[in-house]
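The values are calculated or read from the model by the stated rules, or taken from the named source; none is laboratory data. This structure is a prediction, so every number in the text was calculated from the model and none was measured. Positions of Cβ are generated from backbone atoms using ideal geometry, with glycine treated the same way; all protein chains shown enter the neighbour counts.
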Amino acid sequence: MGEQAISKKARCVEDVRRRILTQVFEPGSYLDEAELAQTHDFSRPPLREALNQLPAENATEAQVMQLKDTQELFRKAIREGDAARNALMNQRFHAIIGEMADNEFLTPSLRRLLIDHTRIGMSFYNPRNCSMAEQRSVAAGQHDQFIALIEQGDVEGATSWVCAGSNFLPGEHIALWRACRVEGDFDKGRRIMSAMMPLMRVLEQGGKFIQCVKHGCEKMGQYAGPPRPPLRPLNKDDRRQMEQVVRVLKRTQAEIEAGPQAEAAE
């Protein structure tokens, strides 16, 4: 990339940052890519590359240092065959990344996920489990890649998204990935994500994350078993609310996939 293109990119990032800080762009509002591309005189792909720098900047230097220190302790535990230390340092590593994201929807889900993830890690990192030795080395290498991508502010290095809703709505979640990663249509991706937000709120803010996922799986014909005590199954009102949210999501997603052609036909 030439110096002129880099300069345009830097000016764009600074302009968008200024508009966010001065509330020209209000929290939760969508950015008009066409307007920004015209204002800064370049096409949408380099514009998106510039905009991608902003969320990647959320990680502080102190957090990156914490991540590196945790990685050193993680590798040390692998060398010493300390399964408990490995599981705990792996948990801490991913928790720090969650803190960097500072996402109100992600954080509660990540915390719950890391509890079971850490417990499972006790088997994965057990030095007597020789069949996993190579995978443990791969895991350490992946951590190094995470750190490098975060330091570079390279959000394009993230190629997937983990969401429990994909257990019972795989098509809708694959559609989001396809729109952004395959088609490069971020406008479509944002519409899909907006359609998903009511479901995210049900999963993350109701205090019944596991029960909701299990109920969603059962509605799709996949028996997931009862939640473990002290958790209790969803009550009738909770089930009705979730099923209504899912119906609206599926209908909206179908309309998005049909596109403007379907609207014109109507």
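Some notes on this structure:
- 3 or more residues of a type in the set (D, E, K, R) and surrounded by fewer than 18 Cβ atoms within 10 Å (Cβ to Cβ): qualifying helices (runs of 4 or more DSSP H) within segment 68-155: 106-124, 133-152
- When restricted to residues that are surrounded by fewer than 21 Cβ atoms within 10 Å (Cβ to Cβ) and within 24 Å of LEU36 (Cβ to Cβ), segment 160-178 contains 0.
- For beta carbons closer than 9 Å, sequence separation of 6+ or different chains, a first residue in segment 48-75 that is more than 21 Å from GLN142 (Cα to Cα) and a second that is outside any helix (DSSP H, G or I) and at pLDDT 90 or above, there are no qualifying pairs.
- Residue list for segment 167-178, restricted to those being in a helix (DSSP H, G or I) and either under 24 Å from GLY225 (Cβ atoms) or touching a His at 6+ places or on another chain (Cβ under 6 Å) (or both): ASN167, PRO170, GLY171, GLU172, HIS173
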